[in-house]
Amino acid sequence: MQHLRSVWLFIALIVAYTTLLSAQNEFKYSYMPKKVYNNQLFAVTIIAPGKDTESKPQFTFDRSSEIQPLFEKPLSIQNGPDSFYSFYFKASNDDIRIPRLFISSESGEESLPPNTVYIQSLEQREDFSQVLAADMKIKNSQVSNYDEKSHIVTLSIEAFEANLEDMRLDKVQESGIENIKRDFAKVEAEFYVVLPVEEKVLKFTYFNTIKKQYEFLEVPVEVIDASVTTQSDLNPKEDSFEKLKKYTFMFLVGFFFIMFLFRRDFFYLVFGVVSLITLLTFYIPHKKICVKQGAPIYILPTQTSTVSTKIDQKLDTMLLSEREGFKKVEYKEGIIGWVKNEDLCDN
């Protein structure tokens, strides 16, 4: 009897150990927010403890639900023996019901139950851009003349877990967001806003979802010289770098030629000539192009960009920059934009 009892105890231990291992390997939500704000982009994360395998599990949210993630495949992160899979959802104005998640893996079929994420409203403010983000920054900016009374400010923006597609500013003549590129949490876009020439600073806020507070962003509104704009291509700060490069090569040309005169070493002459050739490339004039009468000038080099104005007569101008299918030109003093290749004059 004692021997039989020991056998059963051993079997019970094996079953308990197997159950424990199975429980440790189950998929489960490691992060599911309880509350989010209107229009907020948020993540839900599934953890697979101890599942460091080459064969990735397949995830499918209940297709009968209208609520689906922004991307069908999750963002996968390996942390030691544990695997994490994040899906991104966007909230609306109503409580959001995350549907049941079906998981197919090497260990079999599993599912995670539905979850409700509740919506809370933000206290609105006049300078709010309608963007909620874990982080948001202005990478660079450009200011050009829009017409006699207005400037157009174009911002290149980078943000994380952000609803940039909803970005807008109240009490401005015009604003819009274009060329949105999203890579899971990271999103980039170009935002433009038309302001009166009297405005010297563009200042607005976004809501930081990590700090739970509004954060200010601002850029100076100052039209720079067209030649500066052409060098920077949406980044006027790069012009200072261009000047630095010119001065650097001027110094190198002088240094190498002086060293050649004193040392009579052919090495210095070679490097002096190379530096001079490089310096001269900075002063090569821009190529001239011809634009057809009536051609629209776009704010940004994208197919869906807003048209800022149209060329009233055939225009011969300098080619400032190129993007796929577009050429950047200066129409009138300070009025810079993009024209399609198809709107160039026939040779």
Problem - Test: residue in the stretch 312-329 that is of a type in the set (S, T, N, Q), out of contact with any strand residue (DSSP E or B) (no Cβ under 8 Å at 6 or more places or on another chain) and either surrounded by fewer than 17 Cβ atoms within 10 Å (Cβ to Cβ) or assigned to a loop (DSSP other than H, G, I, E, B) (or both) - result: yes
Handout entry: Selection within the stretch 159-173 - assigned to a strand (DSSP E or B) and either open to solvent by 50 Å² or more (accessible area, probe 1.4 Å) or farther than 25 Å from GLU199 by Cβ (or both)
Key = PHE160
Handout entry: Long-range neighbours under 7 Å by Cβ, at least six apart or interchain, first residue closer than 12 Å to VAL223 by Cα within the stretch 133-148, second modelled with pLDDT under 90 and acidic (Asp, Glu)
Key = VAL143/GLU222
Exercise for the section: Determine whether the stretch 239-253 contains at least one residue that is at pLDDT below 85 and buried (at least 18 other Cβ atoms within 10 Å of the Cβ). Expected result: yes
Practice task
Mind checking which strands (runs of 3 or more DSSP E) fall wholly inside the stretch 85-140 and carry at least 1 residues that are crowded, with 18+ Cβ neighbours inside 10 Å and in contact with a helix residue (DSSP H, G or I) (Cβ under 9 Å, 6 or more places away or on another chain)?
Solution key: 128-133
Exercise for the section: Report, by residue number, each residue of the stretch 36-75 that is open to solvent by 60 Å² or more (accessible area, probe 1.4 Å) and assigned to a strand (DSSP E or B). Expected result: GLN58
Practice task
Say whether the condition of being within 30 Å of ILE335 (Cβ to Cβ) and at pLDDT below 95 is met by at least one residue in the stretch 102-117.
Solution key: no
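The values are calculated or read from the model by the stated rules, or taken from the named source; none is laboratory data. Since this is a predicted model, take the numbers as computed values, not measurements. When we count neighbours, we look across all protein chains shown, and the Cβ atoms used for this are built from the backbone with ideal geometry, even at glycine. Quick note on the areas: whole protein, heavy atoms, side chains included, nothing else; ligands and nucleic acids left out. Shrake-Rupley method; radii C 1.70, N 1.55, O 1.52, S 1.80 Å.
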